[in-house]
1. Scan the stretch B:6-57 for residues that are hydrophobic (A, V, I, L, M, F, W, C) and more than 15 Å from ligand 1 (Cβ to nearest atom) and jot them down.
2. Taking the criterion of being open to solvent by less than 10 Å² (accessible area, probe 1.4 Å) and under 27 Å from A:THR77 (Cβ atoms), would at least one residue in the stretch B:52-70 satisfy it?
3. Go through the stretch A:72-105 and give me each residue that's in contact with a Gly (Cβ under 6 Å, 6 or more places away or on another chain) and in a loop (DSSP other than H, G, I, E, B).
4. Suppose we filter B:ALA90, B:ALA112 for residues that are within 16 Å of ligand 2 (Cβ to nearest atom) and either in contact (Cβ under 8 Å) with a residue 40 or more places away in the chain or surrounded by fewer than 21 Cβ atoms within 10 Å (Cβ to Cβ) (or both); which single one remains?
5. When you go through (1) assigned to a loop (DSSP other than H, G, I, E, B); (2) away from ligand 2 (no atom under 16 Å from the Cβ); (3) within 11 Å of another protein chain (Cβ to nearest Cβ); (4) not β-branched (Val, Ile, Thr) one by one for B:GLN95, which number turns out not to apply?
6. Scan the stretch A:581-624 for residues that are closer than 20 Å to A:PHE551 by Cα and part of a helix (DSSP H, G or I) and jot them down.
7. I need the full set of residues from the stretch A:210-249 which are of a type in the set (Ser, Thr, Tyr) and within 13 Å of chain B (Cβ to nearest Cβ), in order please.
8. Please determine, by comparing only the residues of the stretch B:116-139 that are assigned to a helix (DSSP H, G or I) and more than 12 Å from ligand 2 (Cβ to nearest atom), which one is least open to solvent (accessible area, probe 1.4 Å).
Amino acid sequence: MKTSELSRREFLKGTGALIVSFNLFPAASDLFAQSSANLLPNGDLDPQSLDSWLAIGADGTVTVFTSKVEIGTGTVTALAQIVAEELDVSVNRIKMVSGDTTKSVEQGSTVGSRSIERAGPQFKQAAAAARQELLKLAAARLAVTPDKLTVNDGVVSVIGDAGKKVSYAQLVGGKLFHVRITATGTGWDMKVAPEVKAKDPKDYKVVGTSVKRFELPAKVTGEYVYAHDVRIPGMLHGRVVRPPVVNTEPVSIEQDSIKHIPGVAMIVREGKFVGVVANTEWAAIKAAEALKITWSKPTTKLPANPDELFAYLKNTKPVRTQKAVEKGDLGAGFSQGKKTYQASYRWPFQMHGMIGPSCAVADVKGDRATIWSGPQGPFRTRGTIATLLKIPEQNVRVIYHEASGSYGRMSTDDGAEDAALLSRAVGAPVRVQWSRQDEHGWEPKGPAQLDEVKAAIDGDGKLIAWDFVDYGQPWTASGVTPLLASLQVGFKPNNPGQGNGTQGGGEIYEVANQKIVAEHINWHFPEPIPLRTSNLRAPGDPARCFASECFVDEIAVDLRVDPVDYRMRHLANNKRGSECLKAAADKAGWQKRPSPAPASSGNIARGRGIALTQRANAYCAIVADVEVNKTTGAVAVKKVVSSHDCGLMVNPDFVQNQVEGNVIQGVSRALFEEVTFDANGVTSLDWNSYPILKFTDVPELDIVLINRPEMASLGAGEPSTIPVAAAIGNAIFDAVGARLREVPFTPARVLTALKATPAANQKS
Amino acid sequence: MARISLKVNGKARVVDTDPETPLLYVLRNDLQLNGPKFGCGLAQCGACAVIMDGNAIRSCQLPVSSAQNRPVTTLEGLGSTKKMHRLQQAFVDEQAVQCGYCINGMIMTSKALLDKNPKPTDAQIKEALAGNLCRCGTHTRILRAIKRASGQKV
Ligand code: FES
Ligand code: FES
């Protein structure tokens, strides 16, 4: 049912708003020199055409087309470096066209620290294929064989006869290559032109240097057009009115309740989805606030507090069990063990907490739609919008504009769905920006996790059995499940959702008998609930690492051995892991001794803690120095040392920036962050009720970047956030001899742990 | 609706709007100034900061009528990519941006700080920015950029 307050015509008359029709679909090839020769029959770009990847302009500019997007990490500039390197052109000549679904091959979403790792080689090979073709053309033009040629900033010349030269622009500038390359597989698994020989990394001049981010001058001057800054002619403003509590639907809507607000165009209702559209943003905000809706009585109840939640996770039969590691004979390992240990750790729901809320503009016309938004996966948004509007995917064009840093949140482009539904209803382009309360309340959260670990050691203290179980919710908002507005208009999930990962549960250590599993606990309810879940930076790993790395420390404490030494014993065959651990310990000036530190007098206790992780073959170790106030329970993180190995670094400063950001965000998550809720839903609805780290909480940072030029590049967007909570937890124990097995480490939890601990180190 | 006279980035502007509209929406939607950003609308994050009468204020909570004829400076009023203000240049030099959504607030708040205290200490900068949230964790670079812009050793 749709409730139209005014017909579209009346509305247009009333406001004088101008609806301009404009070309929804400029030919996909408009940035290309000529035709649409590189399109597949369905209208998508053909990955087997070199022209789908890059184009050389008449002025020598190299335009690179990618579905990978800038989300604040430098990825897009780094990809430009890779292309510049292979083509031997200055990086300033590269122009990146990013995230337009009509102008790029689907290379997979910008998630999971996979962009440099996977899209990097795709562009390296595509650019190498382009270079090969350009050399072939130059050889013919200069009447030599290609091996006699050298390239300097896009100018090909004959070795030893520099006067004989021709530029890339002269060869193909403004024209298509018309070259076929191979491309097999899809998304980030696509292998592009593997048969072409790329440069030897020894000869790299651009890759490995700290080129500055392309977009920063525009970002610091207000010239950058974020998703929030997109304005389309005739655009109206919409707001969605979400239910106040779980599991309700609108029973009645009092249309008169917003009669007094001028400029309101329409109230839109589709199923349980209710929104308003107005001609100004302020009118839309006021209307959404004022609109009186009677909601049905809730039927589903959520767990009302953390204890109920963790009991639910523990006691509900899993919908799926995901095995990460299963080796040896666990039973035998435990029966041979000289001593057995057991502990469980809790991690709360946490928010992505974008500083700018969800925002998108949609223009739906008939069976076509254009979306301006900031999703991490533009093609994913294309798919969800097509499903929602029941139109073919190729009828949806997504044009990317960067949103606020999202850490996984923009894998689920809820704003685009809201805007699309409202635009379709009102027949004009509509911009929807969520309120802060809606973003906090309805963003899909990083799932809560309960991690249970059991281990046995032999007579030498060596780990011989390791049993790790991670209980948590899959992502109810994910690539395989409907998003919020879709659920509200009646789409039903037919899948529990993607799992929250399996890494970080101790697989890094060599243990003869080891089992690591993730139990997926159902989190779908009959209605959309505010405690939705999705991928939050390094999904699930921080919690698993917190459990496994604190647990290893607990065993080292019991054995009265140094925690670095104890880890090293189980890393004998892991060269990169042990080097990474050592690098952090060395940098931190780690003094060998068991934990806790000798008891200190005075009210402030100091401690140090270490933790290590591996994610997708990248490594990170963290040493944290903390001060614990024994009277108030306040924890201050004074310094964090981080060592980081992500293979060959394309741009060391970008890696450094990511590590700094990951660590600081990790400190915030460890010390402050916990989504509060009751049986009705989320109660953390602003920055006061969900505090994050402030400038005054920032620790000193000291980062060691380990470069491995002989290796492939791996992602840096996530690994270094993973061990932060574990290192801080271990440092708190080191300081005061009290073990915290639940994040965040609030003063109240510290005081409770101190009370529960027989005065290990609590003299004051 | 009412006609309201504003002085933004040194220019006189007149807008016709609901006088209760927060200044932020007028700057962004009526004057198309994208520097100030909506973050919370609750004066909790600082993304919307502009300088009015020499102070960094939160434009998300100030009714436009209260800004009548008072000099307002936005990020655009400091400089452009062609000619950056030294603070903007320092943020680029230090690569002190990740997503950049918070950066308007960081630059405008530190501009107001440096105008009053040209050589602030680290502690003074942290204190001045304590109400400005950055989710990307760019804090240490932001501190360095402000030190650099103030001509102090980084
Ligand atoms: S938007 Fe004004 S303080 Fe957050
Ligand atoms: S740089 Fe992204 S919020 Fe600060």
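The values are calculated or read from the model by the stated rules, or taken from the named source; none is laboratory data. Everything quoted here is computed from the prediction, not taken from an experiment. So basically every Cβ, Gly included, is an ideal-geometry build from the backbone, and we count neighbours across all protein chains shown. For the accessible areas, the whole protein counts, side chains as well, though only heavy atoms, and no ligand, DNA or RNA atoms are used. Shrake-Rupley method; radii C 1.70, N 1.55, O 1.52, S 1.80 Å.
1. Result: B:LEU6, B:VAL8, B:ALA12, B:VAL14, B:VAL15, B:LEU31.
2. No: the stretch B:52-70 contains no residue that is open to solvent by less than 10 Å² (accessible area, probe 1.4 Å) and under 27 Å from A:THR77 (Cβ atoms).
3. A:GLY72, A:THR73, A:VAL89
4. B:ALA90
5. (2)
6. Result: A:LEU581, A:LYS582, A:ALA584, A:ALA585.
7. A:SER210, A:THR221, A:TYR224, A:TYR226
8. My answer is B:ILE125.
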